[in-house]
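Asks: Sending over a structure as structure tokens; questions will come in a sec.
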Amino acid sequence: MDKSLYIAMSGAKQTLLAQTANANNLANAQTTGFKSDLQQFRSQPVFGAGFPTRVYAMTERPGTDLNSGALQTTGRDLDVAINGEGWLAVQGADGREAYTRAGDLRLTPEGLLQTGAGLQVLGQDGPIALPAVQKLTIGKDGTISVIPLGSNATTLASLDRIKLVNPELANLEKRDDGLMHLKEDGATLEASADVELVQGSLESSNVNAIEAMVSMIELAKNFELQTKVMKSADENSNMSAKLMQMA
């Protein structure tokens, strides 16, 4: 296969993969607490028989942008945002502990405290479950205080405390479920007293929609260029074949 054709084919494929990641970021520009994925291109030599003269393009996700999004006031009692560093501990779909900045909480009819995505919020002794209440307050340290249904308005009881953690960012990685996990499988974190919540607020996505749109246009142009190179390489190959036949 012609070298330029091979490079163009691999470049076009990797451009589509990068476009997929960028499109996912753009689609989550309004998702509470979302952290955008980073991507980059680099050239890799093709090793095998003979000299490594061929190269191919590769896109990779070197990490996640963990910068905080803007805090937006909602006034809703079950909305919480982390002020500064830290994460909410939740139970992932696989039952393991994971971490998120999405504080759009809700109570199920069974009294389970979940995120807007349906993940169980973890407390001091596992998933948080609350009785029927007429008012709920979440303190800065994650303490959940309630006035039980039918009780006097002055009867305020502390039932549980949301598990808040503050790990080293280098120890975290974003996985396919969109949640942050410790790089060491099966490991969990101790609750941190340094994390502060703001009730009645939510953290917005940290995706810059304008930058994502610009990247989408650039990637589309890059893909178009790669396809033109592929077409030219194919035409050159056909011409060379005809010339060889005529010789």
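The values are calculated or read from the model by the stated rules, or taken from the named source; none is laboratory data. Bear in mind that the values here come from a model prediction, so they are computed numbers and not experimental data. These area figures cover heavy atoms from the full protein model, side chains too; ligands, DNA and RNA do not enter into them. Shrake-Rupley method; radii C 1.70, N 1.55, O 1.52, S 1.80 Å.
Asks: What are the residues whose amide H is under 5 Å from the amide H of Thr143, where those residues sit 5 or more places off or on another chain and H is modelled from the backbone?
Replies: Answer set, sorted by chain and number: Ile162.
Asks: Need the list of lysines near Lys163 for cross-linking: C-alpha distance under 17 angstrom, and skip anything on the same chain fewer than eight residues off.
Replies: Partners within reach: Lys140.
Asks: Expressed in nm to one decimal, what extension gain is obtained for the pair Thr108 and Asn171 from 0.36 nm per residue of sequence separation less their Cα-Cα distance?
Replies: 19.5 nm
Asks: Taking the radius of gyration and the Kirkwood hydrodynamic radius from Cα positions alone, what is the Rg/Rh ratio for region 139-182, to two decimal places?
Replies: 1.26
Asks: Cut-off under 18 Å on the C-alpha distance; same-chain residues fewer than 8 positions from Lys228 excluded. Which aspartates and glutamates are left, in chain and number order?
Replies: Asp2, Glu218
Asks: May I ask you to give the average projected area over all directions of the convex hull of the Cα atoms of region 60-196, in nm² rounded to one decimal?
Replies: For region 60-196, averaging the hull's shadow over all directions gives 9.1 nm².
Asks: Under a cut-off of 18 Å between alpha-carbon atoms, report the lysines in cross-link reach of Lys242, not counting same-chain residues fewer than 8 places apart.
Replies: Candidates past the 8-residue exclusion: Lys231.
Asks: For region 97-247, what % of the accessible area comes from carbon and sulfur atoms, probe 1.4 Å?
Replies: About 53 percent, which is the carbon plus sulfur part of the accessible surface.
Asks: Also, quick follow-up: Multiplying the sequence separation of Ser145 and Lys221 by 0.36 nm and subtracting their Cα-Cα distance, what value in nm do you get?
Replies: Going from the current span to full extension adds 21.9 nm.
Asks: May I have the extent of the alpha carbons of region 120-206 along their three principal axes, as whole Å values ordered from largest to smallest?
Replies: Principal axes ranked by extent give 47, 28, 25 Å for the Cα atoms.
Asks: With just the Cα atoms defining each centre, how far is region 167-196 from region 118-141? Give it in Å.
Replies: 20
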